Amino acid sequence: MREFWKKQFECPMCGTNFDSIKVFSEAVRVASRDTDLKPNYEGVNPLFFSLIVCPNCYYTAFEQDFQELPKKLDPEKLVKLKKVLKVAKEKYNIDLSENRTLDDVIKIYSLAIVVYTLAGDDLKLSELYLRLSWFFREKKDEDREFVAVARTIKHLEHAYENVKNIKDEDRIIYLLGELNLKLGRREDARRWFSKLIEDKKYSDSSYAKFARDRMFNLR
């Protein structure tokens, strides 16, 4: 079975045309999930390839944002981004082929965090930090995993409080409960799980069921 294909992009920062590695959907096989929704794959991990990285200037973003995001930055932030990316390009040699390692992927996600921090996008930042925590878990680096979990919580809470008509609200509430539980913040975890369980609008949500199961860990 073929696992990879290539898609061409033009970098909106430097104008470079390049091919980005993509993963065929039929090659993706989830064997299990951890309680914080981390997927454990058989074979190729598509999360390694979910960000688009310009090989020339290291501008990095999710595909749906890649072309338009720089246009949303004011001139001062754009100048700052270019400086940070220039330093990263000089400092890091990142393998962007299908053979990229976990360390390469951590660097790629760190680049994206710089971009979305300047863009002020808490939802995307929470997803980036969540995935980083999963990667650190695979490296068995608990200290860095917990730092990434704490930052995930921070951006999820900020998004929950400030984004209107937020999508996947039940997933966000569940993660806030689960991630607080992971950090030993039992009362915060209980508060978020209870919010999901007790609100009737989530009665059919699979995340509400997950929350009920996890509440047993708090008894």
Inset, instruction - Report yes if Ile52 is within 21 Å of Val28 (Cβ to Cβ), at pLDDT 95 or above and among the β-branched types (Val, Ile, Thr), otherwise no. - result: yes
Inset, instruction - Look through Leu175, Leu181, Leu156 and report the one residue that is surrounded by 19 or more Cβ atoms within 10 Å (Cβ to Cβ), modelled with pLDDT of 95 or more and over 18 Å from the mean Cα position of the chain (by Cα). - result: Leu181
Legend entry - Candidate set: region 16-44, residues that are farther than 18 Å from Thr152 by Cβ, free of Cβ contacts under 8 Å to residues at least 12 places away in the same chain and of a type outside the set (A, V, I, L, M); chosen: the one surrounded by the most Cβ atoms within 10 Å (Cβ to Cβ): Asn40
Inset, instruction - Check Asp199 against each of (1) at pLDDT below 95; (2) in contact with a Phe, Trp or Tyr (Cβ under 9 Å, 6 or more places away or on another chain); (3) over 28 Å from Ile106 (Cβ atoms) and name the one condition it does not meet. - result: (2)
Inset, instruction - Consider only pairs whose beta carbons are under 9 Å apart and that are at least six residues apart or on different chains; among these, list those whose first residue lies in region 108-136 and is touching a residue at least 24 places away in the same chain (Cβ under 8 Å) and whose second residue is basic (Lys, Arg) and outside any helix (DSSP H, G or I). - result: Ile108/Arg100; Leu123/Lys167; Leu130/Lys38; Arg131/Lys38; Ser133/Lys38; Trp134/Lys38
Legend entry - Subset of region 115-139 [closer than 15 Å to Phe48 by Cα and not in a helix (DSSP H, G or I)]: Lys139
Legend entry - For Glu98: the one exception among (1) surrounded by fewer than 17 Cβ atoms within 10 Å (Cβ to Cβ); (2) within 21 Å of the chain's Cα centre (by Cα); (3) closer than 26 Å to Leu123 by Cα; (4) not hydrophobic (A, V, I, L, M, F, W, C): (3)
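The values are calculated or read from the model by the stated rules, or taken from the named source; none is laboratory data. Not measured: the values here are computed from a predicted model. Backbone-built Cβ (ideal geometry, glycine too); neighbour counts: all protein chains shown.
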